[in-house]
Amino acid sequence: MAVLNRVLRLRAGGCFAVRSFRLSPRLNSEIDPKAASLLGQKPLPLQRDVKDRNVRWVFLGCPGVGKGTYASKLSTLLGVPHIATGDLVRDELSSSGPLAHQLAEVVNQGQLVSDEIIINLLSKRLEASSAKGETGFILDGFPRTIRQAEILEGVTEIDLVVNLKLREEALLAKCIGRRICSECGGNYNVACIDIKAEDGNPGMYMAPLLPPPHCASKLIMRSDDTEEVVKRRLRIYNEMSQPVEEFYRSRGKLLEFDLPGGIPESWPKLLRALNLEDHDDKESAAA
Ligand code: AMP
């Protein structure tokens, strides 16, 4: 991980001389035959037990889709770190470090932070991971631009990219309804999404995810979860981040996953799509 992180820094600085590093860059766009079978939304045929592999996954999807929720559940299940660049940005914001003021302006307007800053924050996080002896990762919120995707591709091979999708009507409501416990950091949602079936489109119900009583009085909203800013974030996602989906689709790495509803309906289906349902049974039995 330390090697990956040194290369990330070099790449972000525009230097592409990576000969002295162990991880050789993959600069071609050949389709990984294992991953090619992901096309057409088939269930993922994991070759070996995930516990034996170095999981290097990416979660893509619009703001509010639930990347953090599902990436975090999978990270617990698979024992790999969940690294959300949005969390790294918020940690930096809440510190009184030199970047905080500059970042606040960008984030509160719903804009993307520069590739250089994001890669710097990610490198530091990977360094900490490496020091703890962690291997693999589930990245959430990175890459968000083609340049970030190219930099990542140059330094490590991503096994799988999960593209979470949710109906547009639900995204805004989910962002605006998001609440965070200021004490324990728990994520909740007060939105009750109830879209009626119409013109042949199925309905969708997502129950609110309410906090336990000890968190209820400590809930806060993210400063970038206002209606105006969320609309801008969605627009920026379509402009800057949707091309990243195509980047991975063309490499046969993209698993498209349409969320059918809330966590109770979506989690088992996601595990099935990832060929992990047995794994979850074992974990539950052991718990
Ligand atoms: P998120 O929690 O993923 O919605 O991220 C919150 C904010 O952090 C975003 O709106 C961006 O301002 C910033 N951010 C997070 N990840 C990235 C990234 N990969 N590239 C640029 N900006 C990012």
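In whole percent, and with a 1.4 Å probe on the protein chains, what portion of the accessible area of segment 110-160 is carbon and sulfur? Of all accessible area on segment 110-160, carbon and sulfur atoms account for 48 percent.
When each of the peptides 245-257, 126-138 is scored by the mean number of other C-beta atoms lying within 10 Å of its residues, the order from highest to lowest reads 245-257, 126-138.
With the cut-off at 1.5 for a/c, could you classify segment 155-287 from its C-alpha gyration tensor as rounded, prolate or oblate? Verdict is rounded for segment 155-287. Considering every alpha-carbon pair of segment 100-170, the percent of pairs per 5 Å bin, from zero through the bin containing the longest distance, is 3, 12, 20, 22, 20, 14, 8, 2, 0. Put simply, the amide H of Val58, placed in the peptide plane, has neighbours under 5 Å in Leu139, Leu160, Val161, Val162, leaving out anything fewer than 5 places away on its chain. The Asn54 and Arg222 beta-carbon pair, evaluated with R₀ = 30 Å, returns a calculated FRET efficiency of approximately 0.40.
Each residue of segment 172-183 was assigned a 3J(HN,Hα) from its phi angle through the Karplus expression (A = 6.51, B = -1.76, C = 1.60, θ = phi - 60°), giving 4, 4, 5, 5, 5, x, 5, 9, 10, 6, 5, 9 Hz with x at Gly and Pro.
The values are calculated or read from the model by the stated rules, or taken from the named source; none is laboratory data. Just so it is clear, the structure is predicted and the values come from calculations on it, not from any experiment. Neighbour counts run over all protein chains shown; Cβ positions are idealised from the backbone, glycine included. Quick note on the areas: whole protein, heavy atoms, side chains included, nothing else; ligands and nucleic acids left out. Shrake-Rupley method; radii C 1.70, N 1.55, O 1.52, S 1.80 Å.
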